[in-house]
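Readers should treat all values here as calculations from the given coordinates under stated rules, not as data from a laboratory. As the structure is a prediction and not an experimental result, all values here were calculated from the model. Neighbour counts run over all protein chains shown; Cβ positions are idealised from the backbone, glycine included.
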Amino acid sequence: MATIRTDTPLPFTLPKLGEEYDNTSDDPRVRQPLVLGGKHFNEVTENVASISERKIHPAWVVCLLLSLGLLTVFGTMLGYLVLTGVGVWGNNNTVNWAFGIVNFVFWVGIGHAGTLISAILFLFRQKWRTGINRFAEAMTIFAVMCAGVFPAVHVGRPWLAYWLFPLPNQMETWPQFRSPLMWDVFAVSTYATVSLLFWYIGMIPDLATLRDRSTSRVRQIAYGLFSLGWTGSSRHWHRFERAYLLLAGLATPLVLSVHSVVSFDFATSQIPGWHTTIFPPYFVAGAIYGGFAMVLCLAIPARQYFGLKEIITRRHIDNMAKVMLGTGLIVAYSYTMEFFIAGYSGNTFEQFHFLHNRPFGPMKICFYLMMFGNVVAPQLLWFKKLRNHLGVVMFCAIAANMGMWFERFVIIVISLHRDFLPSSWAMFYPTPVDIATLCGSFGLFFTMFLLFCRFLPMVAMAEVKTVMPESHAHSPHGEHHRWDYQPDQHSKTGPYKKGERLREVRDWTGI
């Protein structure tokens, strides 16, 4: 047992898990700290801001080069597709939707965890969200970027993709607004716009801190431009908090509506395996499950590499694992209901699809990979000892992402390749272009994420400080701080090197 370091010792001690403190206890008598190490406000600022200020580490360069390599493959495959046509994919007359739409639904789902963490947990005043919300929001933006590429190239003539929008034209032709495909366009574009605004607005105080800590003129201008003249005044904080609350309210229904609209692409058709009313809640739960899995895949390595173990603590990992377990159980329940309804309905085609084609058909390996990733693997998270083991949590998160991709493959491809008429049945075989495009989309995602980690504050410093003991009036540390929306006052007295005083004093994220 080891006591957390603070100026005034806390009245309890935390156990240790290896080299880290374990703040996952659910003892109702003690509120577990969300920031460990006895940090003061200036130490949080230094810990987070130094990530973008220190010299570039060779490991980051290697990861970026690997991601850029995959991104190059992605761009090459898209160029080849546009110049040659969708025949380079494995699609055929029977399976006319395949990897392109599978990837689209997968990436849209990945982004849901960021909005849920940022908006819904904010409205429910869940303070543990503050350590992970910033890069969860960033993950949402980058996932939607990846998702938006696939419908545009899937139409076959991407240079005519603007026809999807109701633009005045000389032929007076308009999109079919009764089609769920049109609903997708507006739902996903609205989701991307609100998510981007939500992410950017929340970053403004932190961008101002990086602006005032910068010693490079270029960085001062860049951060100054995007911080919109933030000075940390009471008026600025008031308007910031009001705007953030309004955007949280706007983003909350999008968590439910966007993937529900995506599910309508399938649920409104009559294809066996698609024609079901359970799809909207089923898709939303699956999206949150896969999204939290991706957050864990990013958070566990990031906290280790960037030295954020005391800000993104074991409690954050534990809570996200619990959300994964809960949503995974909803997904498992949805799978069970699909099979039950198929058998109970008496519909021959539905029974063939669910009771024979999925578990025993020619693509049954995809079905079993889906069941393993989405039903079997998350059951490990029932046990706290396993939730405290980062390797097990990482395994469950990777398995969940794999399972969610195969879920979309099972729903789309396996449902299409054997429909009503045996004479129209056909197998689907992915081509190298299909596989390279899928891998390349991860290159786009990880390239954007690595650039975000390097040049932007990957943890919301202003929000993290609100959950620290010093931010409360009755804190034993309150006498050492000012709470009038001024910069932190924890600066040493000279002598200073060039630019050092500016870096230590100017911090607009203090509460």
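Net charge dipole, the chain: roughly 1020 debye, given to the nearest 20, about the Cα centre with Cβ charges of +1 for Lys and Arg and -1 for Asp and Glu. Among 81, 196, the order by Cβ neighbours within 10 angstrom, fewest to most, reads 196, 81.
Proximity of backbone amide H atoms, modeled 1.01 Å from N, is registered between residue 38 and 5 at under 5 Å, excluding neighbours fewer than 5 places apart on the same chain.
Taking each of 322/384; 55/127; 309/465; 127/322; 55/465; 39/309 in turn, the alpha-carbon distance tops 21 angstrom for 55/127; 55/465. Computed from backbone phi with θ = phi - 60° and the Karplus coefficients 6.51, -1.76 and 1.60, the 3J(HN,Hα) list for the stretch 424-431 is 9, 5, 7, 7, 10, 10, x, 8 Hz; x is used for glycine and proline. All Cα-Cα distances of the stretch 354-441, cut into 5 Å bins from zero to the largest, leave 3, 13, 18, 19, 16, 12, 9, 6, 3, 1, 0 percent in each bin in turn. All Cα-Cα distances of the stretch 40-92, cut into 5 Å bins from zero to the largest, leave 4, 15, 12, 12, 11, 10, 9, 8, 7, 6, 4, 2, 0 percent in each bin in turn. Rounded to two decimals, what ratio of Rg to Rh does the stretch 168-257 give with C-alpha atoms and a Kirkwood Rh? Checking Rg against Rh, the ratio lands at 1.19. Working note: Cα gyration tensor of the stretch 101-249, eigenvalues times five, square-rooted, sorted largest first, giving semi-axes of 35, 19, 16 Å.
Shown here are the Rg and Dmax of the Cα trace of the stretch 208-357, at 23.0, 72 Å. Here is the tail figure for the chain: Cα pairs spaced more than 36 Å apart come to 36 percent of all pairs. Taking the number of Cβ atoms within 10 Å of each Cβ as an exposure proxy, the fewest-first ranking of 225, 298 is 225, 298. Neighbour counts of other Cβ atoms within 10 Å put 435, 132 in the fewest-to-most order 435, 132. Residue-wise HN-Hα couplings along the stretch 21-31, as the Karplus relation 6.51 cos²θ - 1.76 cosθ + 1.60 with θ = phi - 60° gives them from phi, are 7, 9, 10, 9, 5, 9, 5, x, 7, 10, 8 Hz; Gly and Pro carry x. The share of alpha-carbon pairs in the stretch 51-138 lying farther apart than 16 Å comes to 73%. Two tests apply to each whole DSSP H helix in the chain, Cα reach of 27 Å or more along its axis and mean Kyte-Doolittle hydropathy of at least -0.5, and the ones passing both are 58-84, 133-154, 180-213, 234-267, 279-305, 314-345, 390-409, 432-455.
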